[in-house]
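Comments concern the structure below.
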Protein chains: 6
Amino acid sequence: MASWLPTLKTDTPEEGYDLAVKMARVAVKLTQPDAEMRDKLRPEYASDADALIAVSQVVATHFATVAAANDYWRKG
Amino acid sequence: MASWLPTLKTDTPEEGYDLAVKMARVAVKLTQPDAEMRDKLRPEYASDADALIAVSQVVATHFATVAAANDYWRKG
Amino acid sequence: MASWLPTLKTDTPEEGYDLAVKMARVAVKLTQPDAEMRDKLRPEYASDADALIAVSQVVATHFATVAAANDYWRKG
Amino acid sequence: MASWLPTLKTDTPEEGYDLAVKMARVAVKLTQPDAEMRDKLRPEYASDADALIAVSQVVATHFATVAAANDYWRKG
Amino acid sequence: MASWLPTLKTDTPEEGYDLAVKMARVAVKLTQPDAEMRDKLRPEYASDADALIAVSQVVATHFATVAAANDYWRKG
Amino acid sequence: MASWLPTLKTDTPEEGYDLAVKMARVAVKLTQPDAEMRDKLRPEYASDADALIAVSQVVATHFATVAAANDYWRKG
């Protein structure tokens, strides 16, 4: 099976951001492996401002890591 | 389509801060892609002190990354 | 118009701390641009221990960035 | 007894992520050593979106550390 | 008037920790300058586990900065 | 009196993690010095999933600092 996280390298900051979003989601999957339960929770937090901001915070933390791993995409 | 995040480089700290604000918002968009729903949530959290502070926290986290990417704009 | 954040450089750690406080507040302003509404929210969160601690957390995050930008004011 | 954390080195980012998940859980164990109590709490937070996002935040923080320890797996 | 934060340098990690505690408190003071109000809030949050943990988080963030400023007190 | 934090150096990552747990607890002690009150709060938060996760977050933040201080225990 292919790894869902083979590398932290991405070509662009935007792809790095998308990877950070993915990384934020996987921890939820690993803590709540039941896909049906997650599908039930999703509309709840997607319509809750506090939860959306909290997700954004997790993304920000992962993005910091991904950005460092890519040396901030300085060499364009 | 142009990338919304082509680079982390900005000319000034203030532009870096604005970019951090934008980065905080995009995660919300990606988690709640329905613009109408977001428009509905916005006045709610914009009048809630806790939510405003939480947004400010996300901005602070992204700003740390943007600032590092710009070597803190040391070379003025 | 002068920039509110022309530089992350400050002469002393205390000025760096004051800048971090300012940086924490600006994100709130950008998210809730209505000054009247902010004036209404302020007494609320200023008398709420949880909100005060949350503000302190945002300040801590920005201070880390400002301190790094100033190389921790090592050269006194 | 073998250490549960002999090293921060992992072969791949994915293994580093799994380690971060483990590190997030151990603090809970050390604070609530009663396994029965933890078993009781688990279904509660696993069906609570806010708690799942908070777990994801802890994982993100540990992953940042593990990634730095592995120099971001740059030498593949 | 003497600065409350003349330097981030401390002789020992423990003094650095004490400084981090102080730094966490000053943001509260700057946001709620009314000492009487703060005195009223203090017993509230000091008997609230969530608030105590949140304070501990702010301290952890400031300690990271102070520790870096002291190069982790490596040269003892 | 011996310092509770004479150094950030530990022999192993696991000892570093234990130190991070200790560091998370001391801030609580300094904010709520009354041992009896803390003893009263402990069972409360130890049976509250949100509080346990919040503690885990503080530990993660301190662990990042301790790990950096030990250069991630790279030289085994």
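Since every read-out is calculated from the coordinates, none of them should be taken as a lab result. This structure is a prediction, so every number in the text was calculated from the model and none was measured. In this analysis, Cβ positions are derived from the backbone assuming ideal geometry, glycine residues included, and neighbour counts consider all displayed protein chains.
Annotations for the structure displayed:
- Those residues of the range F:22-56 whose amide nitrogen sits under 16 Å from the label point placed on D:Asp34, 7 Å along Cα→Cβ: F:39-52
- Each of B:Ala2 and C:Glu15 was given a label point 7 Å from its Cα along the Cα-to-Cβ line. The distance between the two points is 3.7 nm.
- Chymotrypsin sites (Phe, Trp or Tyr not before Pro) restricted to DSSP loop in chain E with at most 13 other C-beta within 10 Å: E:Trp4
- Under Stokes-Einstein, with the Kirkwood radius over Cα pairs as Rh, the value for the protein assembly as shown at 10 °C and 1.306 mPa s is 71 µm²/s.
- Across the identical copies, how the D:Lys40 labels are spaced - nm, sorted shortest first, 7 Å along Cα→Cβ: 2.2, 2.2, 3.8, 3.8, 4.4
- Reducing the range A:7-59 and the range B:26-74 to their Cα centroids gives an inter-centroid distance of 15 Å.
- For chain E, the fraction of C-alpha pairs farther apart than 16 angstrom is 57 percent.
- Under 15 Å, Cβ to Cβ, from D:Glu14 - net charge with Lys/Arg +1 and Asp/Glu -1: +3
- Listed cross-link partners B:Lys29/C:Lys22; B:Lys75/C:Lys29; B:Lys9/B:Lys75 are compared with a 24 Å cut-off, the Cα-Cα value being larger for B:Lys29/C:Lys22; B:Lys75/C:Lys29.
- Cut-off 15 Å between beta-carbons: net charge of the residues surrounding E:Asp71, Lys and Arg +1, Asp and Glu -1: +2
- Using a 7 Å Cα-to-Cβ projection, B:Arg25 label spacings across copies, nm, ascending: 2.3, 2.3, 4.0, 4.0, 4.6
- Residue order for C:Arg38, E:Arg42, fewest other beta carbons within 10 angstrom first, comes to E:Arg42, C:Arg38.
- For D:Thr7, inter-copy label distances in nm, listed shortest first [label point 7 Å out on the Cα-Cβ vector]: 2.3, 2.3, 4.0, 4.0, 4.6
- Local electrostatic count at F:Leu5 - Lys and Arg +1, Asp and Glu -1, tallied over other residues with Cβ under 14 Å: -2
- For A:Leu41, F:Leu5, D:Leu8, order by how many other beta-carbon atoms lie within 10 Å, fewest first: F:Leu5, A:Leu41, D:Leu8
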